[in-house]
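Notes follow once the structure below has been shown.
Coordinate-derived values only; no laboratory data. Note that this is a predicted model, so its numbers are computed, not measured.
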Amino acid sequence: MDGQAQNGFREFVENRSSALLRTAVLLSGGDRHAGEDLLQNALVKAAGRWHRIEDPEAYVRQVLYRQQVSRWRLKWPRRELSVAEPPDSGARPDDSAAADLRLVMRGALARLTARQRAVLVLRYFEDLPEADVARILGCSVGTVRSTTHRSLARLRTLAPELATLTAVEPGFTPVEVRP
């Protein structure tokens with residue numbers, strides 16, 4: 001990688017790594033360390049092809065999703081990880097609803113399969129249309145629709161309290177989950 005490309009890559013990582021890390025953590029079921037590993041592997045792949053990449057963010061996001069899909073395709077048994085993190089001690093009392101929502105959502109997402117998480121993150125966090133999700137995950141639009149339907153049904157079963165929580169974070173638009 002020449003000096004100009006190296007500077008471009010560094011600038012990209014500095015500007016976009018926090019947003020990409022949030023996506024990677026969500027794809028990893030709320031496991032920050034697994035999300036960091038996922039993002040680091042994606043950035044390593046991007047660095048090797050940097051001079052040929054036209055849209056760096058789209059490329060890195062696609063690598064993130066495909067690596068996560070590869071993880072759930074492995075034949076190894078899946079490890080379950082229970083995480084119970086209390087809200088920060090400095091949180092204001094009026095932030096408790098948002099903290100509850102994050103904790104419940106993180107726990108529910110962690111109990112979904114990696115494929116279900118990937119579809120929900122792409123559809124609702126990334127707000128991508130079904131056709132783009134299908135292209136990224138390498139499956140049909142029908143598979144995306146059925147996986148979305150099953151994933152939302154499983155979320156309703158795993159965390160029925162999501163229906164009663166309301167979002168209080170600025171700029172957050174809750175996804176309506178109907179029975």
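Overview of results
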quantity: Overall form of region 96-136 per C-alpha gyration tensor (a/c, 1.5; a/b vs b/c); calculated: oblate
quantity: Region 114-158: Rg to Rh, with Rh as the Kirkwood radius over Cα pairs; calculated: 0.94
quantity: Prolate/oblate/rounded label for region 26-66 (Cα gyration tensor, a/c 1.5); calculated: prolate
